[in-house]
Structures are given as C-alpha cells and as structure tokens.
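The block underneath contains the structure these notes are about, expressed in structure tokens.
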Amino acid sequence: MRPLPIKRKLNSIFLKLYSFFGPQHWWPADDSFEVIIGAILTQNTNWANVEKAILALKEKRCLNPRGLSELPPHKLAGLIKSAGYYNVKASRLKNFLKFFFSFYSDDIKCMGAQDSVILRGQLLAVKGIGPETADSILLYALNKPVFVIDAYTKRIFSRHHILKEEITYEQAQDIFMRNLKNDVKLFNEYHALLVKLGKDYCRKHNPKCEICPLHGQ
C-alpha cells in the first residue's frame, strides 16, 4: 500500500482529529487584547496557570492596554505570579505594550490591518516574543492565516514520520502552509486539535499510542 501524499495525509489527520474531539473553540478569551496577553503568558507553562493570571488581572480591572501600561513592573509581576517566570513575563508584557503604543497607538484594529509579513517581523523584534508567540497572536488575536507550530506539532508529526525531529520552526510551518488550504478557521482548529492530542494521548512520556485516534494512520 503506497503512502498518502503529504497534502492528503495532513487533511486526513485533521478530519480524524476533528471527528474524534470535535471543535475546540480556541482561543478562550473575551477580546483580542486578552488573547495577546494570554499568548505571552502561556510561554513555558500550562493554560490553567495562565487562566489564574488572567483572572487576577481582570479582578484588578487592568486587563487593558492603558491599565497594564500604568502598572509598575513589580505589581504586574505579582498579579501574574501563577503563570511562572513572572518577573520575566512582566518584562515581556511591558515590551509588547511599548511596541503596541509606539507602532499602533494601542489600536487593535490598526494593528490587525497591517500586512501579516510586516507585522510578524515587528512582533519578532519585540524582546521576549518568538515565532510561536508571534504566530499565535497573528492567528488567534488578529485572524491572520498563519499556522502555529509548537512542541506538540513536532512531536506528533515526527512520530508519524511526516516531520523530522530536528526540523526548524520555519521548515515545519512551511510544510503546513504549502499543503493546507490557506484558511484561518482551518489553521485555528487544526492547531487546537493537535494541542488536545498532544496533551491527552501523544505525551512526551508514556504516550497512549494504542488508543490514540491516529493509531494506524
């Protein structure tokens, strides 16, 4: 039996995961700015810890550009303590806010109107924002058709011999972007489904291969 071409295989995997898990309703947030803050806070931690930090910011009524920019760094760090590396992440949030005010006058619509390639370059120039965070902001906050690559993506697709373990972020992203329909909803759902699969089945240690929805794929 001949292996499926990469395009058909990627689409087949998506359909299997969607059929098994259903829609994931990502990204859980009240507005685009909250998505951006969540994308920065979720670096090197799990979403449950980010939710606690987001809630703390909401309780202080400062989860908005002006409110966060006016918070002293140490107070901001204290509010986001649950997200881990809180001093580092407070600094990264401040770096983003400086960029947001300087380039887009804290206007999400203005930021979203920018060309994706230009905006991605601007985001990557912000200290503390890497490719995964930048692309999460583009896709989930600004509805730009960019496929997000993360550790789950590399693990799942290397185990299925579609990606090499040593592949770069850009190389992996290019494979998805070239072989999938250029569609925000598809990219949104696909990445969310991969996160679900990675957390529940395709774990780094003790993966549940025999009962995985992609078993035999």
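Just so it is clear, none of the values below were taken in a lab; they were calculated from the coordinates. Remember, it's a predicted structure, so these values are computed and weren't measured experimentally. Neighbour counts run over all protein chains shown; Cβ positions are idealised from the backbone, glycine included.
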What distance in nm lies between label points placed 7 Å from Cα along the C-beta direction at His160 and Ala113?
4.0 nm
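I want the local charge near Ser105. Using Cβ-Cβ distances under 15 Å, sum +1 for each Lys or Arg and -1 for each Asp or Glu among the other residues. Can you show the working numbers first?
On the way: positive: Arg66, Lys98, Lys109; negative: Asp106, Asp107.
Charge balance near Ser105 sits at +1.
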What is the order of His191, His161, fewest Cβ neighbours within 10 Å to most?
His161, His191
Only counting other Cβ atoms within 10 Å, I'd like Ser105, Ser136, Ser158 sorted with the fewest neighbours first.
Ser105, Ser158, Ser136
Using a 10 angstrom cutoff on alpha carbons, build the Gaussian network for the chain and name the most mobile of Ile137, Ile80, Ile108.
Ile108
Positive-pole candidate from Leu10, Gln217, Leu55, dipole of the chain, charges at beta carbon
Gln217
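Give me Phe101, Phe147 ranked fewest to most by other Cβ atoms within 10 Å of their Cβ, as a rough exposure proxy.
The most exposed by this proxy come first: Phe101, Phe147.
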Multiplying the sequence separation of Lys81 and Asp200 by 0.36 nm and subtracting their Cα-Cα distance, what value in nm do you get?
40.2 nm
Sticking with the crude label model, points 7 Å out along Cα→Cβ, report the distance from Lys98 to Lys52 in nm, one decimal please.
2.9 nm
May I ask you to evaluate 6.51 cos²θ - 1.76 cosθ + 1.60, the Karplus curve with θ = phi - 60°, for each residue of the stretch 145-150 and list the ³J(HN,Hα) values in order in whole Hz, giving x for glycine and proline?
x, 10, 8, 8, 9, 9
